[in-house]
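The next block holds one structure in the form of structure tokens; read it before the comments.
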Amino acid sequence: AVELNQILFGPPGTGKTYATIESALEILDSRFVQEHQQDRPALKARFDQLADAGRIRFVTFHQSFSYEDFVEGLRAESDEATGQLRYEVVDGVFKSLCEVAGAKVTQQAEAPVELGSRKIWKMSLGNTLGSDAGIYEECVQGGYVLLGHGGSIDFSGCNSRSDVQQRFAGAGVTLNGANDYSLTSVSTFVTKMKAGDLVVVSDGNFKFRAIGEITGEYAFKEHPDYDADYSQMRPVKWLRQYSPSLPHGELLNGQFSQMTLYELRSPTLNREKLQVLLGAQAKVNGGNRFSPGQV
């Protein structure tokens, strides 16, 4: 068995960095090392492949490399809705690897999910630190997603943005211009999302906690606990749920936006990583998630 904790030491220029490639592959893909032991380009290509997949993180410790970079720390972010500065706890390199290795998944899909031409949507389901934190668990248990915009207005029958805008006006709601975000989010939720589309549930800007498949049309479902929120519903089949939430790098080439609902597209969305999360290659063993090259 390969020791998982190793220290390569020696003066500069003695090949420590060079040796990390084979050492890392001995842990992650020992069979590949045995089959290509004398093929340095193949070993380097496999190392790069695993690094691109997030299984390997290469860092250089220097004077400005801080605890926040390695473990966790606060990062200043601008709230797109209010324009105010806020601070979010962000995982560092080491902690994000630990989170991925320790994440548990509930796999509800019986077969691999092919992406095809499906649209992928990012959606927030309540604020994990807010008064609506329970919305996520409600949606998971109920098999649906709820939108916190649109108040108690029923948008059934709306087929376009203008239809949604007229429904707002008919209810006496004054919008903040043509680009009002409530108008945009409701229009997307009611008229653009389709059965078969996938929805990724974010957990802040740097993590995600579930992936689901939209299974039906929009429906108005007045919420008993919120007078003017979370009454817009779409049925969902939950495909994956993660605890703790996975780092955004397991899915994206960038971070999530603060917006409640929007379409995830390339190059920000890495469809290959999403396919691994949903495909036959992602295995469940005793509740832990394992992907190719992770063990």
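The values are calculated or read from the model by the stated rules, or taken from the named source; none is laboratory data. Small disclaimer: the values here were computed from a predicted structure and weren't measured. Positions of Cβ are backbone-derived with ideal geometry, glycine not excepted, and every protein chain shown enters the neighbour counts. Accessible surface areas use protein heavy atoms only, side chains included; no ligands, DNA or RNA. Shrake-Rupley method; radii C 1.70, N 1.55, O 1.52, S 1.80 Å.
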From the protein chains alone at 1.4 Å, what is the descending order of accessible area for PHE58, PHE168, largest first?
PHE58, PHE168
The local net charge around GLN34, scoring Lys/Arg +1 and Asp/Glu -1 for residues other than GLN34 whose Cβ lies under 15 Å from its Cβ, equals -2
Scattering profile of the chain at q = 0.10, 0.12 Å⁻¹ [log10 I(q)/I(0), Debye over alpha-carbon scatterers]:
-0.64, -0.86
Counting only other residues whose beta carbon sits under 14 Å from that of ARG46, what net charge do I get with K and R as +1, D and E as -1?
-3
What net charge is computed for the residues neighbouring TYR218, neighbours being all others with C-beta under 11 Å from the C-beta of TYR218, Lys and Arg scored +1, Asp and Glu -1?
+2
Extended-chain gain in nm, criterion 0.36 nm per residue less alpha-carbon gap, ASN127 and GLU35:
28.2 nm
Accessible area per residue, Å², the chain with all protein chains present, probe 1.4 Å:
54 Å²
Would you list GLU72, GLU250 from the most to the least accessible area, probe 1.4 Å?
GLU72, GLU250
Can you give the accessible area of HIS248 in Å² (nearest 10), computed on protein heavy atoms with a 1.4 Å probe?
50 Å²
Can you pull the percent of Cα pairs in the range 119-207 with separation above 17 Å?
54 percent
With N denoting the number of residues in the range 118-268, provide Rg(C-alpha) divided by 2.2 N^0.38 Å, to two decimal places.
1.00
Please report the carbon-and-sulfur percent of the accessible area for the range 141-217; probe 1.4 Å, protein heavy atoms only, DNA, RNA and ligands left out.
43 percent
Which residue fluctuates the most in the chain, going by a Gaussian network model with Cα springs under 10 Å, if the choices are GLY170, GLY279, GLY254?
GLY170
For an R0 of 30 angstrom, estimate the FRET efficiency from the Cβ-Cβ distance between ASP48 and VAL89 and round to the nearest 0.05.
0.50
What the Cα atoms of the range 8-91 span along the principal axes, largest first and in whole Å, is 57, 30, 18
Over all directions, average the projected area of the Cα convex hull of the range 206-256 and note it in nm².
4.9 nm²
Per-residue ellipticity at 222 nm attributable to helices in the chain (runs of n ≥ 4 DSSP H, -39500 (n - 2.57) apiece, nearest 500 deg cm²/dmol) works out to -7500 deg cm²/dmol
When all protein chains stay in place, what accessible area (Å², nearest 10, 1.4 Å probe) is found for VAL164?
0 Å²
Cα-based reach from LYS194 at 17 Å (exclusive), listing lysines while leaving out same-chain residues under 8 positions away
LYS119, LYS122, LYS237
